[in-house]
Amino acid sequence: MNSKIFTYFLFLQLLLLVCNSKPEVSAIIVFGDSTADSGNNNYIPTVAKSNFQPYGRDFEGGKPTGRFCNGRLFTDFISEALEIKWSIPAYLDSDYGIEDFASGVSFASSASGYDNATSDVLSVIPLWQQLEYFKEYKEKLTISKGSRLASRILNQALYIMSLGINDFIENYFVSPRRSSQYTVEEYQNFLIVIAKKFILDIYRLGARKVAITGYLPIGCLPVERTQNLVFGHACKEDYNKVARDFNLKLQDLIDKLNEEVKDIKLVMLNLYDPVQEAIEKPYIYGEFLFLSLSLLSHSHSMPLGGLRF
Ligand SMILES: *[C@@H]1O[C@H](CO)[C@@H](O)[C@H](O)[C@H]1NC(C)=O
């Protein structure tokens, strides 16, 4: 899909976050899955990798970086739009050091989720481990910048949590481990509790502005439509409902924490409606998106269409 267009929607929502508080954003600190992994999975033993062609064909030098994407991720576009840097490096990439990470770093790991059982599926970096890396990062930043400046950087950073859909599409919907244990709603609540704990953990370490992605219409993902043979490759409406219900719960959590936690500013990046509209009316987004979406609706003919991380 055309990540620039979705970045535009996300950016409008982020402007609300950034403009209502102090304008200065010192750094972008990212947690999540393949929607935000800029190459961490290159350095761990997993099959959830994308460091080969055709990934990266529109990246600088046509380089497959480990982003599950033709070019840059939405987090990179946001970083550029805030005039911080052109792209956000992966924490495990030894080509970069604390000086680079001081203005932006991604701890995200493709195929990860809120639930430990999700990251277990393809042995990727679980969210709790991403938090451990963040603590290590904080220590390195403190050594390099001194504790006052390091705290200021961490307080003024924009934190992005971009994850969640793998908990359903890679785990709950396909494996009995969680689906025999929880109903859909119980599992959603279980994920929300983990999200809450994580937000409070990074808050204690200095985070104040946090943007969290909601679910997009997961029933319309190429991997789901490809499998939906009976209904002529239509979107799976029951999956989309799971996404909408999750978003309501996430928005509730965000509203509560905004009220209860001193100085925290949380926003939800709600992609559901823009993506749904782009799927239903691609022509209003111009010819390029129309072409990409027509490819998506025949996803089996598209090289990346079957991948879902
Ligand atoms: C996930 O695993 C970590 C490390 O073993 C553990 O501390 C944490 O409690 C687990 N999370 C849940 C929700 O079980």
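We did not get these values from a lab; they are worked out from the coordinates using the rules stated. All of these numbers come straight from a predicted model, not from anything done at the bench. When we count neighbours, we look across all protein chains shown, and the Cβ atoms used for this are built from the backbone with ideal geometry, even at glycine.
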Handout entry: Estimated inter-spin distance, Ala81 and Asp100, nm [label 7 Å along Cα→Cβ]
Key = 2.4 nm
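Which order, highest average first, do 104-112, 181-189 follow once you tally other Cβ atoms within 10 Å for each residue and take the mean per peptide?
Details: 104-112: 29.3, 181-189: 14.7.
Top to bottom by mean Cβ count within 10 Å: 104-112, 181-189.
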Practice task
Report the net charge of residues surrounding Gly206, where surrounding means a beta-carbon distance below 10 angstrom and charges are Lys +1, Arg +1, Asp -1, Glu -1.
Solution key: +4
Exercise for the section: Return the Rg/Rh value of the chain, two decimal places, where both radii are evaluated on C-alpha atoms and Rh is the Kirkwood radius. Expected result: 0.94
Exercise for the section: Pull up the cross-link candidates among the aspartates and glutamates for Lys256, meaning alpha carbon to alpha carbon under 18 Å and not fewer than 8 places away within one chain. Expected result: Asp201, Asp245
Problem - Residue order, fewest to most beta carbons within 10 Å, for Thr46, Thr213, Thr118, Thr35 - result: Thr46, Thr213, Thr35, Thr118
Exercise for the section: Using the structure shown, list the pairs from Lys138/Lys262; Lys196/Lys241; Lys63/Lys281; Lys140/Lys265; Lys197/Lys249 with a Cα-Cα distance above 24 Å, or answer none. Expected result: Lys63/Lys281; Lys140/Lys265
Handout entry: Footprinting exposure proxy for Leu205, Leu269 (fewest neighbouring C-beta atoms within 10 Å first)
Key = Leu205, Leu269
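Compute the relative contact order of segment 97-170 as a whole-number percentage, counting only Cα pairs closer than 8 Å that sit 6 or more residues apart in sequence.
Numbers: 62 pairs, mean separation 27.4, N = 74.
Reported relative contact order: 37 percent.
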Handout entry: Exposure proxy ranking, count of Cβ atoms within 10 Å, fewest first, for Glu83, Glu132
Key = Glu83, Glu132
Practice task
May I ask you to derive the FRET efficiency for Glu24 and Val47 from their Cβ-Cβ distance with R0 = 45 Å, giving the value to the nearest 0.05?
Solution key: 0.65
Practice task
Pop a pseudo-label 7 angstrom from the Cα along the beta-carbon direction at both Arg148 and Arg57 and give the gap in nm to one decimal.
Solution key: 5.2 nm
Exercise for the section: Using only Cα atoms, tell me the angle between helix 184-204 and the longest principal axis of the chain; keep it within 0 to 90° and round to the nearest 10. Expected result: 20 degrees
Handout entry: Theoretical gain in end-to-end length, Arg204 to Thr226 [0.36 nm per residue, Cα-Cα removed]
Key = 3.6 nm
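What size of dipole, in debye to the nearest 20, comes out for the chain about its Cα centre when the only charges are +1 on Lys and Arg C-beta atoms and -1 on Asp and Glu C-beta atoms? All intermediate terms of the calculation are to be shown ahead of the outcome.
Details: 31 positive and 35 negative charges, 94 e Å.
With only Lys, Arg, Asp and Glu charged at Cβ, the dipole is about 460 debye.
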Completion exercise
The relative contact order of segment 169-296, taking Cα pairs under 8 Å that sit 6 or more residues apart, comes to a percentage of 26 percent
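Quote the relative contact order of the chain in percent (integer), defining contacts as alpha-carbon pairs under 8 Å separated by 6+ residues.
It comes to 19 percent, rounded to a whole number.
Can you give the calculated 222 nm mean residue ellipticity of the chain, where each DSSP H run of n ≥ 4 adds -39,500 (n - 2.57) and the sum is split over every residue, rounded to the nearest 500 deg cm²/dmol?
Details: 12 runs with 139 residues, N = 309.
Value at 222 nm, helices only: -14000 deg cm²/dmol.
Rounded to the nearest 0.05, what FRET efficiency do Tyr283 and Ser179 give with R0 = 35 Å and r taken as the Cβ-Cβ distance? Could you check?
Using R0 = 35 Å, I get an efficiency of 0.35.
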